[in-house]
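The next block holds one structure in the form of structure tokens; read it before the comments.
The values are calculated or read from the model by the stated rules, or taken from the named source; none is laboratory data. Because the structure is predicted, anything quoted here is derived from the model rather than measured. Here the Cβ is made from the backbone with ideal geometry for all residues, glycine too, and neighbour counts use every protein chain on show. All accessible areas refer to the heavy atoms of the entire protein, side chains included, with ligands and DNA or RNA removed. Shrake-Rupley method; radii C 1.70, N 1.55, O 1.52, S 1.80 Å.
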Amino acid sequence: MDERALLQRLIAGPASGDALARVSGQTRAAVWKRIEALREAGVAIEAKPGRGYALSQPLDLLDAAAIVAALPARERARLAELEVAWSIDSTNSELLRRATPAQGATVLLAERQTGGRGRRGREWASPLAAHLYLSLSRGFGGGLARLGGLSLVAGIAAVEALHGLGYDGVRLKWPNDLVVLDARGLRKLGGLLIEGGGEHAGPARAVIGLGLNVRMPAAAAAAIDQPWCDLATLGDGTAPARDAVAAALLSRLLPALDEFDADGLAPFLPRYAALDALAGAAIAVHGGNGQRQDGVAIGLAEDGALRVRLDDGSLQNFHAGEVSVRRAPGASA
């Protein structure tokens, strides 16, 4: 019984160490070591007298075949491959090591990432079987310059998919965060990371990584240093099966990427405006040199840059690779 099989058994209900040892053909000590490995990976497992080992909160495991089966036929046709890994350094890193599919998109999900990454090199917390860690590899025409708005397009598709699942309060914070903005302020639900390469005016490839909080374990939550939320919190303690969330995301993302490849960013700008968490908000723009500029966010430029009316009255466009943006302290929700 490997870690996946052991976790699948605990999903079915509590089990004693003796029962797990008999089923697996291992000693109780060996079972205990595997339980400890699952705990170290972020799975909260209790040892209850008279009941044995039990999960502290519900969870489910990803099933590649179930995700593909849940996709509409047109979206299945856009897939070159979909795979679920048990544990990997980073789904983005792995797809960057692989060749780009000649047609369609390759999708890789993982139950756990040991080196998950966010924007600007930040670590992305990736406890086992808790969230969605999804990356997609695809080729694009028109050269690298056209890929500047790709994180916006992927974000739009992701938020629209979550709206379809009933999470109507999810919005986009430029350039790549999925957030909820309510009386508690701005809380991060997920994030996007776009990586790739190619020729300046020729074929390009991109890997789109999406991390989405589904059901945050308490230990992982304690290590996060910014306001956050997850689908379970937004759903009063319940969350959809992660297979269903993955299928919903891909059902929106795959056709959106086709549209972006054909028509560019322009068709998506009105859709972004309807989801913009910063529109009209007082913000602070932090440059890579430590400089801070204050102003009010007023939407996007045609190339996806953030338009800001600075406090001195001037209008300036900021690009994602140059700055980070925060809502100013005291800005209203």
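Brief remarks follow.
- Exactly one residue out of Ala223, Ala248 is small (Gly, Ala, Ser), buried (at least 16 other Cβ atoms within 10 Å of the Cβ) and in contact (Cβ under 8 Å) with a residue 12 or more places away in the chain: that is Ala248.
- Taking (1) touching a residue at least 60 places away in the same chain (Cβ under 8 Å); (2) under 30 Å from Ala102 (Cβ atoms); (3) more than 15 Å from the chain's Cα centre (by Cα) in turn, Ile208 satisfies each apart from (3).
- Here Arg122 qualifies as modelled with pLDDT under 85 and open to solvent by 40 Å² or more (accessible area, probe 1.4 Å).
- Filtered residue count, region 269-287, keeping only those that are more than 22 Å from Arg187 (Cα to Cα) and open to solvent by 70 Å² or more (accessible area, probe 1.4 Å): 1
- Residue match in region 152-175 (condition: open to solvent by 30 Å² or more (accessible area, probe 1.4 Å), in contact with a His (Cβ under 8 Å, 6 or more places away or on another chain) and at negative phi): no
- Sole residue being out of contact with any Gly (no Cβ under 7 Å at 6 or more places or on another chain), open to solvent by 20 Å² or more (accessible area, probe 1.4 Å) and not in a helix (DSSP H, G or I), chosen from Gly209, Gly139: Gly139
- Look at region 287-304: where a residue is among the β-branched types (Val, Ile, Thr) and a partner is modelled with pLDDT of 90 or more and in a strand (DSSP E or B), sitting 6+ places away or on another chain with Cβ atoms under 8 Å, you get Val296/Ala282; Val296/Ile283; Val296/Val308; Val296/Arg309; Ile298/Arg307; Ile298/Val308; Ile298/Arg309; Ile298/Leu315.
- Selection count where residues are more than 15 Å from Pro255 (Cβ to Cβ) and either surrounded by 13 or more Cβ atoms within 10 Å (Cβ to Cβ) or touching a residue at least 12 places away in the same chain (Cβ under 8 Å) (or both), scope region 64-81: 7
- Counting only strands (runs of 3 or more DSSP E) that sit completely within region 1-114, those holding 3 or more residues that are within 27 Å of the chain's Cα centre (by Cα) correspond to 79-88, 105-113.
- Condition check for Val308: β-branched (Val, Ile, Thr) and either loosely packed, with under 15 Cβ neighbours inside 10 Å or assigned to a helix (DSSP H, G or I) (or both): no
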